[in-house]
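The values are calculated or read from the model by the stated rules, or taken from the named source; none is laboratory data. Note that the structure is predicted; figures quoted are calculated from it, not measured. Note that we place each Cβ from the backbone using ideal geometry, even for glycine, and neighbour counts take in every protein chain shown.
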Amino acid sequence: MSQIPASPSAPPEREPILNLPSAVVWLIAALALIQAGRSVLSDYDDFVLMSWLAFMPARLSLWLDASRAQDMLAALTQRMAGQDLADRLQLVRLLIADGGPRLWTLLTYGLLHGSWVHLISNVVWLAAFGSPVARRLGTGRFLNLMALSTIGGALLHWWSRDLDVLPLVGASAAVSGATAAAIRFVFASGLRFGGLADDAVVRSIPAEPFGQLWRNPRALIFIVIWFATNFLFGAGLVPILGEDTSIAWEAHIGGFLVGLLVFPLIDRGAVRR
């Protein structure tokens, strides 16, 4: 293929320092603004905000089967042993008893984060793996993938901890879904990672069918490392720098599985045959 050389007198093109798709930039900005807004709230107002937007598995379980209230209270009493009974009752009232199931929390929990460290870790991962997915899918399909992964993460978390009253927050399930989607094409043979900043290149990369994915050594190694890391942090075997909370590894896996399976349904790029 012939090419037209650039004019010697033309100034070289400059790449932006952060060459991120607009969907990723706006999503990061929204998450940062929400975290900043929460930082100016009182502890009580922030707790009320969490009760409206964070996902609590027990709330969904009681909505589906009110007879499990005693089981939930027993689990809560065991978890909060040594704390004042009035504190436990206030927690139940704010998180469980008021407002019904609040099904929107299956999605809105992904807008909140436990700390700035939590947010920054998700932002870095989103920039790295969400960017090529956003370039390939476009804004609309990318945001749909993120939303479905968020919901999938909440549902698997609920399935594994159905009586838990601890709030689930964070965009980790959505980021895990984007990571799984990226795995379908970023480990293509001969691909240089620098090419992932080019929209045309990203859309032309043949996506790996599900059956072929496990024959790609780089993709397989990454998946094994991803699951092992989530297990180690989730089980508390490896401490989390600057964090006192636990990792909801079930939500990560739920989002990952959704991203892995949904991606080919909404992908419009090339597919390896």
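Miscellaneous remarks
- Matching entry among GLN90, GLN83 (being outside any helix (DSSP H, G or I) and modelled with pLDDT under 75): GLN83
- Checked against the criterion of being surrounded by fewer than 19 Cβ atoms within 10 Å (Cβ to Cβ), of a type in the set (S, T, N, Q) and more than 23 Å from LEU111 (Cα to Cα), the candidates SER67, SER42 yield just one match: SER67.
- One residue stands out in region 117-147 among those that are of a type in the set (Ser, Thr, Tyr) and surrounded by 17 or more Cβ atoms within 10 Å (Cβ to Cβ): the one that is farthest from ASP198 (Cα to Cα), namely SER121.
- Qualifying position, being among the β-branched types (Val, Ile, Thr), part of a helix (DSSP H, G or I), without any contact (Cβ under 8 Å) to a residue 60 or more places away in the chain and in contact with a helix residue (DSSP H, G or I) (Cβ under 8 Å, 6 or more places away or on another chain), among VAL201, VAL123: VAL201
- THR108 buried (at least 21 other Cβ atoms within 10 Å of the Cβ) and at pLDDT 95 or above: no
- When residues in region 148-176 are screened for being out of contact with any Leu (no Cβ under 6 Å at 6 or more places or on another chain) and either on the phi < 0 side of the Ramachandran plot or surrounded by fewer than 18 Cβ atoms within 10 Å (Cβ to Cβ) (or both), 20 of them pass.
- Residue within region 17-29 that is modelled with pLDDT of 75 or more, among the hydroxyl-bearing types (Ser, Thr, Tyr) and surrounded by 10 or more Cβ atoms within 10 Å (Cβ to Cβ) present: no
- Test: residue in region 61-72 that is polar (S, T, N, Q), at pLDDT 85 or above and not in a helix (DSSP H, G or I): no
- Residues of region 187-227 that are surrounded by 13 or more Cβ atoms within 10 Å (Cβ to Cβ) and either modelled with pLDDT under 80 or touching a Leu at 6+ places or on another chain (Cβ under 7 Å) (or both): ALA188, LEU191, GLY195, LEU196, ALA197, ASP198, ASP199, VAL202, ILE205, ALA219.
- When ARG141 is tested against (1) over 29 Å from PHE263 (Cα atoms); (2) basic (Lys, Arg); (3) modelled with pLDDT of 95 or more, only condition (1) is not met.
- Whichever residue in region 228-244 is assigned to a loop (DSSP other than H, G, I, E, B) and exposed (fewer than 13 other Cβ atoms within 10 Å of the Cβ) and, among such residues, is modelled with the highest pLDDT: ALA235
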